Amino acid sequence: MTRLVCFSLVAFLASHASIQAQQKDPPKYITNSFGMKFVWIKPGTFTMGSPKQEKGRRDVEAEHPVELTKGFYMGVHTVTQEQWYEVMIEGYVIPAEGFDLTHPGRFHMAPDERNLPVESVSWNDCQAFLKKLRGKDKRLYRLPTEAEWEYSCRADTTSPFHFGETISTAQANFYGVAVYGQGKKGVNRKRTTPAGSFPPN
C-alpha cells in the first residue's frame, strides 16, 4: 500500500479498555479535553502489504493476513501545532506573531492558522508528548502499531490508495509534480496544509 502520510507527521491513538469492557458498541467518535477527535476502529482482519505488481512496492511489503482482535480509537487528524503546545507547555499562549523558532518543525503557523500538523518530531518527542497527554487527560494514549495504522488507512480497500489506483493533489498533500500510475500532475504546495484539508478515508 502506498502511504500518504508524510513520514514526519504523527498520528496518535487512544486505546480505552474500560470503554470496551463496559460497552458492546463504543461511541463512534470521542473528543478529549484538548479538542482532539478520535474515531472508533472496530476489530477485524485484512491483508497487510501489497501485491507484487503494485507500482512503487518494496520487497518488505509481502502480503500476509492480519487479525486485530481488539478495537481501538485512532486520531481523526494528525496532532496540530496548537494541540502540541497546549499539551507540552503549561499555560502556553500563542504570541501575536505566531510560534517562535523553538517549535519542532519547519512550517510555523501564523496566529490565524492554528491547525497545521506537527512535523519533524522524533519518536522520543512523541513519547514525551504522550506521557504529558496521559497525565493531563487521564486516558491511555499510545502510538498505533504498524498493523493498526495500515488497517485504519486501508478502510476496507485493497487498492494502492483508499480512493483507488491513483492519486491527485485534490485528495492529499504531496509532491504533485510526480505522477503515480495513470494520475495527472498537480500542484506542489511546498508546505503542510491544515488538518482536515482533504477528504477522509
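The values are calculated or read from the model by the stated rules, or taken from the named source; none is laboratory data. Everything quoted here is computed from the prediction, not taken from an experiment. Cβ placement follows ideal geometry from the backbone for every residue including glycine, while neighbour counts extend to all protein chains displayed. Ligands, DNA and RNA are stripped out before the accessible areas are found, and what is left, the full protein with its side chains, is counted by its heavy atoms. Shrake-Rupley method; radii C 1.70, N 1.55, O 1.52, S 1.80 Å.
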Which listed residue, of P194, P199, is open to solvent by 60 Å² or more (accessible area, probe 1.4 Å) and closer than 25 Å to Q81 by Cβ:
P199
Those residues that are within 18 Å of the chain's Cα centre (by Cα) and either exposed (fewer than 14 other Cβ atoms within 10 Å of the Cβ) or at pLDDT below 65 (or both), I need them from the range 107-127; list them, please.
S122, W123, N124, Q127
Any idea which residue in the range 60-88 is modelled with the lowest pLDDT, counting only those that are farther than 22 Å from K37 by Cβ and β-branched (V, I, T)?
V60
Name the residue, out of T157, T145, T169, that is open to solvent by 50 Å² or more (accessible area, probe 1.4 Å) and among the hydroxyl-bearing types (S, T, Y).
T145
Condition first: touching a Pro at 6+ places or on another chain (Cβ under 6 Å), surrounded by 12 or more Cβ atoms within 10 Å (Cβ to Cβ) and not aromatic (F, W, Y). Can you find one or more residues in the range 19-35 that meet it?
yes
Only one of (1) under 25 Å from Q81 (Cβ atoms); (2) open to solvent by less than 30 Å² (accessible area, probe 1.4 Å) is not met by G183, so which one is it?
(1)
Within the range 43-56, the count of residues that are open to solvent by 60 Å² or more (accessible area, probe 1.4 Å) and either touching a Cys at 6+ places or on another chain (Cβ under 8 Å) or within 24 Å of G183 (Cβ to Cβ) (or both) comes to 5
Since L9 meets every condition but one in (1) at pLDDT below 90; (2) farther than 24 Å from F129 by Cβ, which condition does it not meet?
(2)
Does E150 qualify as being under 17 Å from the mean Cα position of the chain (by Cα), closer than 23 Å to M48 by Cα and either buried (at least 16 other Cβ atoms within 10 Å of the Cβ) or of a type in the set (S, T, Y) (or both)?
yes
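Within the range 29-82, considering only strands (runs of 3 or more DSSP E) that don't extend past its boundaries, which have at least 1 residues that are within 25 Å of E119 (Cβ to Cβ), within 19 Å of the chain's Cα centre (by Cα) and not charged (D, E, K, R)?
Here the list reads 29-31, 37-41, 72-75.
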Taking the residues in the range 138-171 that are at pLDDT 90 or above, part of a loop (DSSP other than H, G, I, E, B) and of a type in the set (G, A, S) as candidates, determine which candidate is nearest to S197 (Cα to Cα).
A170
